[in-house]
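Chemist: Here it is, the structure, as structure tokens.
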Amino acid sequence: MEYRHKLIRGTVSVIINKAIRDIHTDPKRSIRNLADLGDNFSTSAAQKRFFALARDTLKNPDNPYNKLLANVVENVAPEIIRTMGMNFGYTSLNYGADILRTKEAAMGEYIPWLFIFDFSSGKIDTPNFERAVSLITDAVSLGIYSFLFKVGSAENLACVLECCARFAECSFFAAVPAEIMTVPVAEQAARTQNLILSVDVTDSRQQKETAGAFRALHEAKCFYGFHAYYSEENGRVCFRMNSCASAFRKAA
């Protein structure tokens, strides 16, 4: 890690820690400070436009983001918030984005900012896992620091957790089926600070499994959400699952 990058990551870490402490007493000011932090480190016109829009949104006293972020701080382990703030907010979207633009200009080709791996079926053997590690290593050299995994089993999620450990400065997102998210798996995921999980809620027949997954993730203080594969046929089903998840959050 180059010295300037290491220094900036340390600064971002200190500011995020302060925001986490302050958000309980003055959430609006703390969140505005985070938007100002993002603007200070922005280098592209697109990033500047984003944070200008963020500041305009935060000026509205009825905006939902103050309550949303306060809820995140209340229910997610602070070390996960800090790590993901540094890895995704700074390293991926700022530092990595600068490297990407430089590489794109030199190569004359478009480079994606996010890689997606499909671990949704079969067991990941050692050669395939090491191939994924090699691809992530090459991606990081290009400035890509964010990775999404579609996961189908607890064994394959363990491979994702190993990738998280090997690439501590990257951000990882895993889409997982509800039935694999047991209490031990959630507790293991909670120890992985650079990971955000998303539970598949498409199948309405798995409401019991979905509720159990949400409960395990909530109690472990993981950073998580949910997703559904939407179509005209299952649109109403997805809406019911969305309502179920919202009801659980309120009950929790």
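Chemist: Kindly provide the set of residues from region 141-160 that are touching a residue at least 40 places away in the same chain (Cβ under 8 Å) and closer than 18 Å to Phe173 by Cα, ordered by number.
Modeler: Residues satisfying the conditions are Gly143, Ile144, Tyr145, Ser146, Cys159, Val160.
Chemist: Right, another one. Tell me, which strands (runs of 3 or more DSSP E) lie completely within region 139-250 with 1 or more residues that are more than 23 Å from Trp113 (Cβ to Cβ), modelled with pLDDT of 95 or more and touching a helix residue (DSSP H, G or I) at 6+ places or on another chain (Cβ under 6 Å)?
Modeler: 195-200
Chemist: Output the number of residues of region 185-217 satisfying the condition of being within 14 Å of the chain's Cα centre (by Cα), more than 19 Å from Ala168 (Cα to Cα) and of a type in the set (Ser, Thr, Tyr).
Modeler: 1
Chemist: Going by the conditions given, is Phe129 of a type outside the set (Lys, Arg), over 19 Å from the mean Cα position of the chain (by Cα) and not in a loop (DSSP other than H, G, I, E, B)?
Modeler: Yes.
Chemist: So which of Val76, Val72 ends up being in contact with a strand residue (DSSP E or B) (Cβ under 9 Å, 6 or more places away or on another chain), within 21 Å of Thr192 (Cα to Cα) and hydrophobic (A, V, I, L, M, F, W, C)?
Modeler: When all the criteria are applied, what remains is Val76.
Chemist: Looking at region 9-24, can you tell me whether even one residue there is small (Gly, Ala, Ser), in a helix (DSSP H, G or I), touching a Gly at 6+ places or on another chain (Cβ under 9 Å) and within 17 Å of Ser171 (Cα to Cα)?
Modeler: Among the residues of region 9-24, at least one is small (Gly, Ala, Ser), in a helix (DSSP H, G or I), touching a Gly at 6+ places or on another chain (Cβ under 9 Å) and within 17 Å of Ser171 (Cα to Cα), which makes the answer yes.
Chemist: Would you pick out the residues in region 65-83 that are more than 15 Å from Ile23 (Cβ to Cβ) and not β-branched (Val, Ile, Thr)?
Modeler: Glu79
Chemist: Would you say Tyr95 is modelled with pLDDT of 90 or more and either aromatic (Phe, Trp, Tyr) or under 27 Å from Asn17 (Cβ atoms) (or both)?
Modeler: yes
Okay, residues lined up against (1) at pLDDT 80 or above; (2) out of contact with any helix residue (DSSP H, G or I) (no Cβ under 8 Å at 6 or more places or on another chain); (3) over 27 Å from Leu135 (Cβ atoms):
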| site | (1), (2), (3) |
| --- | --- |
| Pro27 | no, no, yes |
| Leu34 | no, no, yes |
| Gly38 | no, no, yes |
| Ala46 | no, yes, no |
| Gly85 | yes, no, no |
| Gly89 | yes, no, no |
| Ile99 | yes, no, no |
| Ala106 | yes, yes, no |
| Pro112 | yes, yes, no |
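The values are calculated or read from the model by the stated rules, or taken from the named source; none is laboratory data. This one's a predicted model, so the numbers in the text were calculated from it and none came from an experiment. Note that we place each Cβ from the backbone using ideal geometry, even for glycine, and neighbour counts take in every protein chain shown.
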